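Some notes on the structure that comes next.
What follows draws every value from the coordinates through simple rules; no lab data is involved. In this text, all values refer to a predicted model and were calculated from it rather than measured experimentally. Reconstructed Cβ throughout: ideal geometry from the backbone, glycine too, with neighbour counts over all protein chains shown.
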Amino acid sequence: MEFYCGIDLGSRFAQVAVIDHDGRLLVQRKVRCELGAVLELLGAFEPRPKVVIESTFNWYWLVDGLQEAGYEVHLAHVLKLAMITGSKVKTDKRDAHVLAKLLRIGAIPEAFIYPREWRAPRDLLRRRLALVRKRAVEYGCIRRLLLRHGVLDHTRHSTTLLTSEQLAGWFDEPLVKLHARQEVERVRLYSHQIGELEAELLPLAVKHADFENLQTLPGVSEILGLTLLYETGPVTRFASARNYSSYCRVVSGIGQSSGVTRRRGRQSKQGNPFLKSAYNQAATHAVRNYPKFRSLFDRQVACHVGRVGKVVAYNTVAHKLAVATYYILRDKVSYREDLMFRD
């Protein structure tokens, strides 16, 4: 006798459904999002049920707790659960039951359960990126404030170096001075927090032998190296460089029907957006500073007409960097230009 459990996980409550090997529904219950409550419910079954959980934003605690208790846990990929997301009637009870039935027949689209020790650095790197983007928004606000009041004697770069006193010196109205001062204070706060995160994260990366190898990749700085390391995780989870490139969103989707193929656009945003962003930044730096990458970029631009040429060319460079990263991490080696650009 085998049992299969599907858990539809919410923020405060979880819907738990348990079926047997014949598909009979044995339990359909709503419990609080507490590990003890879930373990008490599942403890009534022997042997222990196999468990599947939808990959929602808060799966960490439940997956870790069930694994430590000895349960076989599967994480279901949200985007591939068409039987749930495409259903006409969608409730927590139905979702939990469907998860259990999919697990029973071996049709769960598996998502990777990221190792616990890698999650905190990865999440902090994502938070750092969010802070960098918020700081960029504040820089834009400062520049628009200057332009709104006719202050033209500045550039985008000089805006980032302004102090609150310098900024307030351009204005006479007290309320505008207050506006300017608060903008600078927010920039300082974001910069301080970004610096704190980097100071904590960089020493952790030094412990990884792969981090030093990633630093040899053209266009990859310390922060980009950290992002590639922690967003990729154990590279062995990817069967090939092609799979990894697809996960990084540096290859386009393909839609084919009735002999007609459409290459760009289909499902192109499936994958990891943080790796996509990192490789785009690395590609920009590589094209700017490395002649062979510049030559590759120029050749690609020449092959395409219009504004899309540069987009495709940068993406081609990003794809090459992603493939190189895969082999660097898999083989534990540094970057080799002769393998990247074979004659």
Simple spin-label model, 7 Å along Cα-to-Cβ: Thr216 to Gln270 in nm?
3.5
Highest mean packing first, using Cβ neighbours within 10 angstrom, the peptides 218-227, 42-51 sort as 218-227, 42-51
Using square roots of five times the C-alpha gyration tensor eigenvalues, list the equivalent-ellipsoid semi-axes of region 100-247 in whole Å, biggest first.
43, 19, 14
Charge dipole of the chain built from unit charges on the beta carbon (Lys, Arg +1; Asp, Glu -1), centred at mean Cα; most positive-end Cα among Leu146, Gln15, Leu162 is Leu146
Inverse mean reciprocal Cα-Cα distance (Kirkwood Rh) of the chain, Å
23.9
For the chain: relative contact order, % (alpha-carbon pairs under 8 angstrom, 6 or more apart)
12
For region 134-148 versus region 288-343, the gap between their alpha-carbon centres in whole angstrom:
34
Binning at 10 angstrom from zero up to the longest distance, how are the C-alpha pair distances of region 221-340 distributed in percent?
13, 42, 34, 10, 1
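Can you tell me the length gained on complete extension of the stretch Ser240 to Asn289, counting 0.36 nm per residue apart and subtracting the Cα distance?
On the way: separation 49, 0.36 × 49 = 17.64 nm, distance 2.88 nm.
Net length gain for the segment: 14.8 nm.
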Looking at Leu204, Val132, Trp118, which one has the Cα that reaches farthest to the positive end of the dipole of region 117-207 (charges on Cβ: Lys, Arg +1; Asp, Glu -1)?
Trp118
Lys, Arg +1 and Asp, Glu -1 on Cβ, resulting dipole of region 31-120 about Cα centre, debye, nearest 20:
480
Calculate how many DSSP beta bridges within the chain are antiparallel, expressed in % of all such bridges and rounded to the nearest 5.
70
Would you work out the charge dipole size for the chain about its Cα centre, treating the Cβ of every Lys and Arg as +1 and the Cβ of every Asp and Glu as -1, and quote it to the nearest 20 debye?
1500
Relative contact order of region 3-104, please, whole-number percent, based on alpha carbon pairs below 8 angstrom and at least 6 residues apart.
37
For Cys33, Cys5, Cys303, order by how many other beta-carbon atoms lie within 10 Å, fewest first:
Cys303, Cys33, Cys5
Taking other Cβ within 10 Å of each residue's Cβ, how do Leu103, Leu147 sort, fewest first?
Leu147, Leu103
What the Cα atoms of region 1-155 span along the principal axes, largest first and in whole Å, is 78, 38, 26
